[in-house]
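Shown next, in structure tokens, is the structure this report addresses.
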Amino acid sequence: PVVVALLVALGGTALLLWRSNRDFLLYTNAGITCITLLAIACTGIQALAVFQQLSVTWFEPMRSVIRAVSLLSFDMKILKINCVVGTRPVFAYTARQLIPPASVAAVASMLAVKRTIHKRTLICSELFNTSGTLFNVFFISIVLSCLSPFVCNLQHPDGEASMTASPSLLCYVGNEHLTMVVISMASCVLVPCPFLALVLVFTLRYPKIVSDLSPESHSKLHAMRFIYFRYKPRRYYYGAVLLLRSLLMALAPVLVKDPGLQICIVFMVLVSFLILQQQLRPWRCTTTNGMDGVLTALLLVLLLCGALASESGLDTGATSVQVVGTASFVSFLVATTIPLARTLWWRLKPDPWYEYFICHHKAAAAAQARYLKVLLQARTNRRIFIDADNLITLGNLFDIVKCQVGHLLVYLTRETLSRPWCIGEVVSAFAVKRVGVTAIKTPGFRAPSEDELQNLACFVDLNNCNLSEYGIHLSMVRVALSRLFSDQTRWVSLDPLTELRGSNRLVTVVDALLGVHGRSSDRLQVPSPGSVVVSSDDADDEALAAGGILLAKIRLAAVGILPSSISCLADSAGDDLERLAKAVVEARCVIVILSVGTLSSIPQLVAITELMEAQNRSDMLTPSAGRGSTGMGVTTSMSSMTAISSLTITRTTETSCPQPVSIPLNLPDFVFPGPEYFERTLPRVWPGDAKEASCLLQDFFRTITVRFQTNLSDDILETQAKEVASRIPRTFAFSSSLASLQPARLFRRASMQELCGMSDSTSAAPMGATESRQSRASPLTQSSVDPA
């Protein structure tokens, strides 16, 4: 039995050496969950060894179970160690104290062999981590083994007491017990005390070490990760808390001789730390936090049953206490096995599985990433992941990239690679070989320079997130960036697509990702009369993408209710302002997407002024029909009075809809114009009569807007899209008198050449121009007051 146990111990140590020193980035949440569940179960079984030291008369079958698990506390009587070291208790006790140092020596020998195979093996770091893991898992057993000479709970009639571990040996009587006491004190000084002090010192210094980005700090974190890697970054100290709980449990039978008080102390320790654990929920995985509480509760039930059995003097007969106690132990085993098996199964077959993970900077490309997801999902019918739909912790994001994703799409805007979560996702993807990586380069992206790559601590914004807490060091970031910019990584550039109109640029990107050529067309699709059109700033990529998202959501929300002709003016009219004005006038409804550059975009200003002018003229032609969904007063300009003076006023029924209805839709970055805009900025932007345009714009902003938050989840966007769809008229009467109306073409009053030149300067910006537009739009954002 001794030889078999030795071989099993060496095999387990070798396995632990291999698994515990893997690159931390290769660990998955499923793997950490399995390791944690096994460690919690091992600690719980060692707690049974503490129960054995208490003055409790255990019933069957728990008496046999507790005797069997005493092997974990290095009690080797069950292995017949006396046949090897002799029958004297002091020899067996000395052999028990040599187990921890022998395990360290075995680990060092294995590392020496590993060094001959892998020259880059860090012997000191891996020795600390592996030995620390062993001591951490078996801390209760180490303390119980060291203190066993002080546990004297077997009372004799003459007042003497025997050791619980060796009933034939009287405590503090004779040289043999005194020798064991001396060995015990020496063992405590050499093994558990230094280990506990090391853990406490590192725990206190952890915030300083993790904030230091030097290679030396990274080596320290690797050597001591057995303390913190299973816990959430903010609960790094919980490893020391667990060691304190183990120490208090092991000291209870040593410091207290009264049987009832021993049980009360152990019970209070378990209950106190159970409450603390449920309050902090320190484990990285939700499953582990729940199972830790369940297993501790079952241990409390088992201890209570043992106390009741001892108090009432129950024999081995079938009693309710025995049934409850045995059932609690069986439940302990089941509660450990089922989550462990479930986690292993999920690791083999992760669910859900995402075909693509879109890595993006939310502040610059939230709508673009969302629209890319909409297009990919429609074309592939597969799950696509973006973080706005799954608000989870940063560590879980990295784990999803490693375990549940087939391909990572890195949408490169100006600051994508300086965001810690984005660069962490890239590093995680390159850490596992099966995840493909494709970079989508926008014109606004600038690759980091050599100086920035050498000084990543300044390039990557680590103020709100420390990647070291997730096992990602700057050296890993440097390697990942070099691989990202190498020829091995596929790149899709939007630079050649700047001539494409509107959302066709992103559609072409999807074609390139899927390997489809020649599918997308830049041909203008002229909207028919009675269509629903969307006006967005064609120089703002976020606005264009928001328009694409809105159209997709409206089509889903109003299938069979609204007309099938729903289009975006940036796609259907392009830079042709005449075509744009005609599309606005003939539309059933015009949805105006208000973005950061709307109030300086000539096409959008033309669309808004033509829309309001058409509504004013329509009101005069059909005075009995209200303003539809706008519900606002009308400011009729002199030009509109002149334009309709020769027309015959034709009344329509009240069920018919005035043309066209306006629905303003503001994005999160839009700031409503204040007086300064109308007094100073608009005259510089609008080449025609600024007063007339100002009157129409103010009339437009009296309509209640719908907020379209592209940076939030898909469910919220669907709700907001349904609100927009509810404001679109269901009926549309295009009478001959209304059909005779032509666009007012207010922009014709200015030089057409000058206006087109301004339009070109504001609309020719390619994909990725959102960031530059935001920086130059500051004159429009002097007031944040919504006139509505």
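The values are calculated or read from the model by the stated rules, or taken from the named source; none is laboratory data. Keep in mind that what you see is a predicted model, and the values were worked out from it rather than measured. Virtual Cβ from ideal backbone geometry, glycine too; neighbours counted across all protein chains shown. The area values use the complete protein model at the heavy-atom level, side chains included, leaving out ligands, DNA and RNA. Shrake-Rupley method; radii C 1.70, N 1.55, O 1.52, S 1.80 Å.
Look at where the Cα atoms of region 174-199 and of region 234-277 average out, and the two centres are 21 Å apart.
The modelled label-to-label distance for the pair residue 457/residue 286, using points 7 Å beyond Cα in the direction of Cβ, is 3.8 nm. What would the Debye equation give as log₁₀ I(q)/I(0) for region 326-368 at q = 0.15, 0.19, 0.26 Å⁻¹, counting only Cα atoms as equal point scatterers? Each listed q corresponds, in turn, to -0.61, -0.71, -0.88.
Of the whole protein surface, residue 336 contributes about 20 Å² of accessible area at a 1.4 Å probe radius.
Put a dot 7 Å past the Cα of residue 342, heading toward its Cβ, do the same for residue 22, and the two dots end up 2.2 nm apart.
Between residue 109 and residue 179, the FRET efficiency from the beta-carbon distance, with R0 = 25 Å, is close to 0.25. Given points 7 Å out from each Cα along the Cα-Cβ axis, report the residue 438 to residue 197 separation in nanometres with one decimal. Here the answer is 5.9 nm between the modelled labels.
Taking a spot 7 Å from the Cα of residue 301 along the direction of its beta carbon, which residues of region 336-354 have an amide N less than 17 Å from it? The answer is 336-339. Sorting 24-31, 274-281, 543-550, 529-536 by average packing, meaning the other beta carbons within 10 Å per residue, from highest down gives 543-550, 529-536, 24-31, 274-281.
Between residue 691 and residue 565, what FRET efficiency follows from the Cβ-Cβ distance if R0 is 45 Å, with the result rounded to 0.05?
0.80
Report note on the peptides 94-100, 170-176: ranked by the mean count of other C-beta atoms within 10 Å, highest first, their order is 94-100, 170-176. Extension gain for the segment residue 122 to residue 279, taken as residue separation times 0.36 nm less the Cα-Cα distance, is 52.7 nm to one decimal.
Ordering 434, 22 by accessible area with a probe of 1.4 Å, largest first, what comes out? Each step should come with its number before you reach the end.
Details: 434 115, 22 60 Å².
Ranked from most to least accessible, the order is 434, 22.
Were the residues from residue 190 through residue 88 laid out at 0.36 nm apart, the gain over their Cα-Cα distance would be 34.3 nm.
Shown is the FRET efficiency for residue 205 and residue 555, computed with R0 = 45 Å from the Cβ-Cβ distance and rounded to the nearest 0.05: 0.20. When nucleic acids and ligands are ignored and a 1.4 Å probe is applied, residue 332 ends up with an accessible area of around 10 Å².
Subtract the Cα-Cα distance of residue 68 and residue 715 from 0.36 nm times their separation in residues, and report this length gain in nm to one decimal. Using 0.36 nm per residue and subtracting the Cα-Cα distance, I get 227.4 nm. Largest first, the residues 296, 164, 731 sort by 1.4 Å accessible area into 731, 164, 296. Solvent-accessible surface (1.4 Å probe) assigned to residue 58 amounts to roughly 20 Å².
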